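Below is one structure; the comments refer to it alone.
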Amino acid sequence: MAGQVRLQLGISEFRRLREDELVYVDKSLLVRDVIADAATVLLLPRPRRFGKTTNLSMLRTFFARSTEPLWSLFEGLAIANAGEGVRQHFQRYPTIALTFKDVTARTWTDCRAALALVISRAYEEHAELLTAGTLSESEAETFRAIQHGRASNAQMWASLGELSKYLQRRHGERVVILIDEYDTPLHASFVHRYYDDAVEFFRNFLSGGLKDNPSLWKGVLTGVLRMARDSVFTGLNNLRVHSLLRPEYSQYFGFTEDEVAALLASVGASDRMDDVRGWYNGYVFGGRIMYNPWSVLAYLESQDRELRPYWADTSSNDLVRELLVGQGLGLRSEMERLMRGEEIERTVAEHVAMRDLQVKGELLWSLLLYTGYLKAVEQRRESRQLWCRLAIPNQEVLSIYESVFLAWADEGLGGDQKRHELIRALLGGDAETCERLLEHWLLASASLFDTARYHPPERFYHGFVLGVLVSLGDRYEVVSNQESGYGRCDVMITPRAAGQPGVVLELKVRDERRGETVEQALERALEQLAARDYAARLRTRGATPVHELAVVFDGKRVIAKERERTA
């Protein structure tokens, strides 16, 4: 990287990176490992923007049969010294390359049309088969139907396997199949409610090309998740998965510490290593610490060299938001602990059936891990289950969580100004204003999501805690179920500096089964505040004044009152 360093973010084509002499962090030994792997089909899932597309582009450039000599693109890279056993595979195989990274349609009709376009482009790349005398009349007819987007469902399902058969017949070599971001359409289908249609398509399409295909030499797929075998990979017994929890291939996705240090040195920014480490480091792939490559390059390319959440703007957060907010991740106090920099231990599923996310809340932790929003600090197996100690990787990801919960708070309250008004009311013990704004928030939250699936007020309560947590930033510590006095209070807002106000909140739901009135529920909450002296911890921390608020939920109605204290 000596001399003039040229950075251009967003270019993932290996050939262009090399020909234009742009910065390319050498991951070329991936070729060697793919060749050496005994598996016919490899799935290498990683979070978005961690180099999957560039790696597949590099594999394609190396393996794809071509009359154009391209060895110069690999000169100076590690693979050039990998030996003749590797070199003999160079430009040897007819190659089918597909990417589904842009298939994010809102309806199945539009999704199917987009899938047909991706497949038609692959056929167009091999249109010379039509004039090479390779195809029978009926095969040529099917080829043209797929090429021009007129294929039936059955023809699309079989298209991958059929094209590989044609190519082997033409060239006398088995094929390489490269599929980038195979699960992007499945994520979109889950969010937009046509998941079953998308699963049916990919189950048949992938099976047709990858299962028992005698024309296949090697298949490599990338994505974010390993989908459960019963959803997409049914019967695909030649598939080997190397998730981010596995050590195999761990160094090829993301940047290592040494690679980042070399990049910073190349632009004269070695003194910023600690800052970059805190913001973009922290991912753990197979026990190896890795950096977010997109964010590192975006930081280096920026003129002001400001530490920002560059990764947050690179792809849709719809699925994560749906599950964090709508699915009620806030129901778990673990998220509060994570946002305070603590670790939690939870079971992690090694594959995910997305439909189960609606009914198995514990899968949320697995999804957040595989999508890059959590890291596995440590893992262990116990009773056939995989347990991981989870944490938020870095400051960038923490800022993404904060933005999600702030956006939810603003959406429910009606804007940033109302959120700050609620904070002032809480810290000032203004029960009347708290009551009005909390009720407004509850009404808005209940209308935003399916209340039959995600029942308030519990969902609302934890959303409130997280909204307050990120709103108060470094000035206060906000926790739920905090032990204080003679019990655990629902919410405690503790100042980090003495002499600032502190708040205790006791939240109750009117007990309809016992015929309890709102007034009785409110009195029950006030009596609990007094009897258990939750404010003891605030007094010990030097908070002044201390406000103790009882809040009662009655359907979509909220009633709040501050406990009156006697001298």
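General remarks:
- Condition met for ALA376 (at pLDDT 90 or above and out of contact with any Ser or Thr (no Cβ under 9 Å at 6 or more places or on another chain)): yes
- Candidates GLU382, GLU378, GLU435 - the one that is crowded, with 18+ Cβ neighbours inside 10 Å, among the acidic types (Asp, Glu) and at negative phi: GLU435
- Across the range 262-290, the number of residues qualifying as under 14 Å from VAL23 (Cβ atoms) and either in contact (Cβ under 8 Å) with a residue 40 or more places away in the chain or not in a loop (DSSP other than H, G, I, E, B) (or both) comes to 6.
- Within the range 145-162, the set of residues being in contact (Cβ under 8 Å) with a residue 12 or more places away in the chain and either surrounded by 16 or more Cβ atoms within 10 Å (Cβ to Cβ) or not assigned by TED's automatic domain parsing to the domain that holds LEU216 (or both) comprises ILE146, GLN147, ALA151, GLN155, MET156, TRP157, ALA158, SER159, LEU160, GLY161, GLU162.
- Any hit, the range 225-244, residues being in contact with a His (Cβ under 9 Å, 6 or more places away or on another chain), under 22 Å from ALA349 (Cα atoms) and modelled with pLDDT of 90 or more: yes
- Checked against (1) in contact with a Phe, Trp or Tyr (Cβ under 6 Å, 6 or more places away or on another chain); (2) in contact (Cβ under 8 Å) with a residue 60 or more places away in the chain, THR61 passes all but a single condition, namely (2).
- Tabulated pairs, the range 205-226, first in the same structural domain as LEU167 (by TED's automatic domain parsing) and among the aromatic types (Phe, Trp, Tyr), second at pLDDT 95 or above and assigned to a loop (DSSP other than H, G, I, E, B), C-beta under 6 angstrom, 6+ apart or interchain: TRP217/ARG174
- Between VAL199, VAL296, the distinction of being over 23 Å from LEU98 (Cα atoms), hydrophobic (A, V, I, L, M, F, W, C) and crowded, with 18+ Cβ neighbours inside 10 Å belongs to VAL296 only.
- Taken residue by residue, the range 403-412 has no member that is at pLDDT 90 or above, surrounded by 22 or more Cβ atoms within 10 Å (Cβ to Cβ) and assigned to a helix (DSSP H, G or I).
- Among residues of the range 265-282, those that are under 20 Å from ARG308 (Cβ atoms), among the aliphatic types (A, V, I, L, M) and surrounded by fewer than 19 Cβ atoms within 10 Å (Cβ to Cβ), counted: 3
The values are calculated or read from the model by the stated rules, or taken from the named source; none is laboratory data. What you see is a predicted model, and the numbers here were worked out from it, not measured in a lab. Cβ sites come from the backbone with ideal geometry, for glycine too, and all protein chains shown count toward neighbours.
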